[in-house]
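Worksheet: the structure to be examined is printed underneath.
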Ligand SMILES: [Zn+2]
């Protein structure tokens, strides 16, 4: 069945080889020869990943005759002209356990269309169809979960789907395997939570809580922009975490240990982190999937799409993801203040905040945020982290004048519904039009500049005190030496700008061997530092060379912010705070 001019068939009869076998049928190839390519990046993750690197073999044919296929650049092929339909057969290697590419083994299959489906040049706006074939008897219990519109599928979801364009085709991730599914409705809209991987998660509890988050976001914007929504969750090992937003679904990976299990105690904070991730990706269904920078309207997926607005799209989303948990009673006010304290502490401990402006962090995401290295803390600030704190500062500033950032979000949503996207440099004017205030100082100092948002001053007006206590015991080495040790305890992962470690000539990658004739470890270093040593003699390896130095510890005054409700707060401050957090 090939219902559309462009049709893809997906097979994976031997999942253990991690190869998806794809056929792309093009009914009307370009007369001068058909060009085909895979994207270099996918929306939501701003790094050139060159998905074509995973194509391991590719051939073209027409009416059973081999057609010459020439490679044009790293991601593009050109098939020689042919009189009839063109068929491209290729294999894609899929063994990346992230939400951004594709995965296949005997336990599970997963893909984003950007990893599997060749884009047919000149026909990107045509409808296309995809037939997903069952891998055979050994996988009898496998099903498919995706929000791709169905054309003809069986009860397990195998069969044919369609999409109205290439851009839309790659916005529906597909999960295949033994799936646990819970369904719920939020404001009447059907939602599903689909969990794969080994887990014993209590889907009833999770979907009950997700429903509250979804209803909050739908009420916040006034309308759901989709007919149905899927949370595709892979329950993974402890070090796996991530999410990617799509038009009516999201792909999530989180440690299975974060998920509640029936009749067992669970770590409330880790579960809130998981709910925060779901809240974040769900909020994106409005903010970045629909309200979006003009450059993301119809982006060239072969090249970077530069924008200075990611602090609005990721930063505001990071602000609202957690705020929504308080507003829907999944997090207490104290827990919210503790979460904010952690973010502010992390921000103040990043020297790069004084080097890179927020707008610049967004623009350079292609070469910086997604490519962290040993110098990242010294040279960068995340537009998620600072963006969320600037959103907080903006919200409080507006609320002190009887307005709010919520109104700005509503205005953005209204503009989207009337067909407008967000132009570069237009946010300040929008805030002025909506709330009558340009927030000039915040824009100049904290968005275009490298100043810290004045949170201590602003939060005080809401009856919240900002105190900085001493760094924790675990931070002793960082506090006194200005370096961070990797998990193996002796390799330096980071040396902070202007620190004692930098002055002593230490660098990331150095392996500490001994200090003062004793075997080095973070524990032994901590002991020496607590004894108030004025100088420590170090032996270390840089690559294979043995080196020595002496380091003079000094207090790097690490921030450790703690937000609490002030004892002296006034009733009007309580009112402001309750209106903001929607608590009574
Ligand atoms: Zn995001």
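The values are calculated or read from the model by the stated rules, or taken from the named source; none is laboratory data. Model, not experiment: these values are computed from the prediction. Reconstructed Cβ throughout: ideal geometry from the backbone, glycine too, with neighbour counts over all protein chains shown.
Considering (1) in contact with a helix residue (DSSP H, G or I) (Cβ under 8 Å, 6 or more places away or on another chain); (2) touching a residue at least 12 places away in the same chain (Cβ under 8 Å); (3) surrounded by fewer than 16 Cβ atoms within 10 Å (Cβ to Cβ), the lone condition that residue 436 does not fulfil carries the number (1).
To keep it simple, each residue is scored yes or no on (1) closer than 30 Å to residue 229 by Cβ; (2) free of Cβ contacts under 8 Å to residues at least 12 places away in the same chain; (3) within 32 Å of the chain's Cα centre (by Cα).
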position: 71; (1), (2), (3): no, yes, no
position: 89; (1), (2), (3): no, no, no
position: 117; (1), (2), (3): yes, no, yes
position: 123; (1), (2), (3): yes, no, yes
position: 129; (1), (2), (3): yes, no, yes
position: 141; (1), (2), (3): yes, no, yes
position: 145; (1), (2), (3): yes, no, yes
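Taken over the range 33-60, residues that are free of Cβ contacts under 8 Å to residues at least 60 places away in the same chain and either more than 25 Å from residue 17 (Cβ to Cβ) or surrounded by fewer than 17 Cβ atoms within 10 Å (Cβ to Cβ) (or both) amount to 6. If you filter the range 234-249 down to residues that are buried (at least 21 other Cβ atoms within 10 Å of the Cβ) and away from the ligand (no atom under 14 Å from the Cβ), you find that the one that is nearest to residue 112 (Cα to Cα) is 249. Taking the range 380-393 as the range and being away from the ligand (no atom under 16 Å from the Cβ), more than 19 Å from residue 221 (Cα to Cα) and in a helix (DSSP H, G or I) as the test, only 393 passes.
In summary, residue 383 fulfils each of the numbered conditions (1) in contact (Cβ under 8 Å) with a residue 24 or more places away in the chain; (2) surrounded by fewer than 20 Cβ atoms within 10 Å (Cβ to Cβ) with the single exception of condition (2).
When you go through (1) more than 14 Å from the ligand (Cβ to nearest atom); (2) in contact (Cβ under 8 Å) with a residue 24 or more places away in the chain one by one for residue 266, which number turns out not to apply? Going through the list (1) more than 14 Å from the ligand (Cβ to nearest atom); (2) in contact (Cβ under 8 Å) with a residue 24 or more places away in the chain, residue 266 breaks only (2). Identify the residue in the range 439-483 that is part of a loop (DSSP other than H, G, I, E, B) and modelled with pLDDT under 95 and, among all such residues, is farthest from residue 552 (Cα to Cα). Applying the filter and picking the extreme gives 469.
Here the range 297-315 is the region considered, the condition is being closer than 19 Å to residue 37 by Cα and either in contact with a helix residue (DSSP H, G or I) (Cβ under 8 Å, 6 or more places away or on another chain) or touching a residue at least 60 places away in the same chain (Cβ under 8 Å) (or both), and the residue that is surrounded by the most Cβ atoms within 10 Å (Cβ to Cβ) is 301. Right, residue 132: buried (at least 17 other Cβ atoms within 10 Å of the Cβ) and touching a helix residue (DSSP H, G or I) at 6+ places or on another chain (Cβ under 7 Å) or not? No: the conditions fail for residue 132.
From the list 423, 473, the one residue that fits, being touching a helix residue (DSSP H, G or I) at 6+ places or on another chain (Cβ under 6 Å) and surrounded by fewer than 16 Cβ atoms within 10 Å (Cβ to Cβ), is 423. Taking residue 254, is it closer than 22 Å to residue 200 by Cα, within 13 Å of the ligand (Cβ to nearest atom) and buried (at least 22 other Cβ atoms within 10 Å of the Cβ)? Against the criterion (closer than 22 Å to residue 200 by Cα, within 13 Å of the ligand (Cβ to nearest atom) and buried (at least 22 other Cβ atoms within 10 Å of the Cβ)), residue 254 does not qualify. Considering 582, 545, the condition of being surrounded by fewer than 17 Cβ atoms within 10 Å (Cβ to Cβ) and closer than 30 Å to residue 457 by Cβ is satisfied by 582 alone.
Selection of the range 92-122 for residues being more than 20 Å from residue 249 (Cβ to Cβ) and surrounded by 19 or more Cβ atoms within 10 Å (Cβ to Cβ) yields 92, 118, 119, 120.
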